[in-house]
Amino acid sequence: MALDNFLFAQCILYFLAFLFGFIAVVPLSENGDDFQGKCLLFTRGMWQNENITVEKQRFIVEEWGPESACRFSTFVGIVSLIVSAVQAWRILFYLCKGHDDSFFYAFVNLLASSFVVFVIFVASTIVSVGFNMWCDAITENGSMPNSCEELQDTDLELHLDNSSFYDQFAIAQFGLWAAWLTWLGITILSFLKVYHNYRQEDLLDSLIHEKELLLGRSSRRGSDLDDKSGMI
């Protein structure tokens, strides 16, 4: 029963990791289409007057952010999707068959989970920091009368669809950080499983050792009785 509960908890966490990965990937992909492949993360720019006589301002992009930042974040979300789906199916199969991982596979799973936790943390940090830099740029560090969320309803005249960038990255940040917390929980459970299997291995080794000692003692007693009967 304890093993079934442990596997069920893992299965639930993998399902949540799949769900949060999906929540992160969809808005990131949509934003990539809306911005025609340009990455707003870490983008630098400023507001300038269109000309001397007209006071109307427009936002000028000085340097777009590296496309690798957006691609990496999307890639990590897809990896989380695939790995969590495969692992959820595998754990569900074990639940139905009543099987469990060996010590070796449990250790490999711990290493894989730790790696996923690390890359999701990096991707989440990139998205959060990069998006804050974008918001600082279009609000001029908060000096603009409109907030970053309100400016998504303003045409920035970048020849792009910027009508939902704030909502997209708010959802993407939630998905990535929630996925990171979920994978952290998966890693903790993986560590507990490795520790449990390690303790079981020690217990089995000690039981085998005790069995060998008992068999050795019984064989010596049998040989002593044979010697005594031969002397009689």
- Query: Hey, does the range 152-159 have a residue that's touching a Cys at 6+ places or on another chain (Cβ under 9 Å) and closer than 17 Å to LEU40 by Cα?
  - Reply: no
- Message: Which numbered condition in (1) closer than 15 Å to ALA17 by Cα; (2) open to solvent by 20 Å² or more (accessible area, probe 1.4 Å); (3) over 17 Å from the mean Cα position of the chain (by Cα) is the only one that THR154 fails?
- Response: (1)
- What are the residues in the range 134-149 that are surrounded by 15 or more Cβ atoms within 10 Å (Cβ to Cβ), farther than 16 Å from ILE60 by Cβ and out of contact with any helix residue (DSSP H, G or I) (no Cβ under 8 Å at 6 or more places or on another chain), if any? none
- Message: Please pick out the residue among ASP155, ASP202, ASP167, ASP224 that is at pLDDT 80 or above and out of contact with any Gly (no Cβ under 9 Å at 6 or more places or on another chain).
- Response: ASP167
- Is at least one residue of the range 110-127 touching a residue at least 40 places away in the same chain (Cβ under 8 Å), open to solvent by 20 Å² or more (accessible area, probe 1.4 Å), part of a helix (DSSP H, G or I) and of a type in the set (S, T, N, Q)? yes
- Query: Are any residues in the range 17-45 open to solvent by 60 Å² or more (accessible area, probe 1.4 Å), in a helix (DSSP H, G or I) and in contact (Cβ under 8 Å) with a residue 60 or more places away in the chain, and if so, which ones?
  - Reply: PHE18, PHE22, GLU30
- Message: Show the residue pairs meeting these rules: Cβ distance below 8 Å; 6+ apart or different chains; first residue within the range 152-180 and farther than 17 Å from SER128 by Cβ and assigned to a loop (DSSP other than H, G, I, E, B); second residue modelled with pLDDT of 85 or more and of a type in the set (Lys, Arg).
- Response: LEU160/LYS38
- Item | Only listed residue being out of contact with any Leu (no Cβ under 6 Å at 6 or more places or on another chain), among the small types (Gly, Ala, Ser), at pLDDT 90 or above and part of a helix (DSSP H, G or I), chosen from ALA85, ALA69 | ALA85
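The values are calculated or read from the model by the stated rules, or taken from the named source; none is laboratory data. If you're wondering where the values come from, they're calculated on a predicted model, not measured in any experiment. Cβ coordinates were reconstructed from backbone atoms using ideal geometry, including for glycine residues, and neighbour counts include every protein chain displayed. Accessible surface areas use protein heavy atoms only, side chains included; no ligands, DNA or RNA. Shrake-Rupley method; radii C 1.70, N 1.55, O 1.52, S 1.80 Å.
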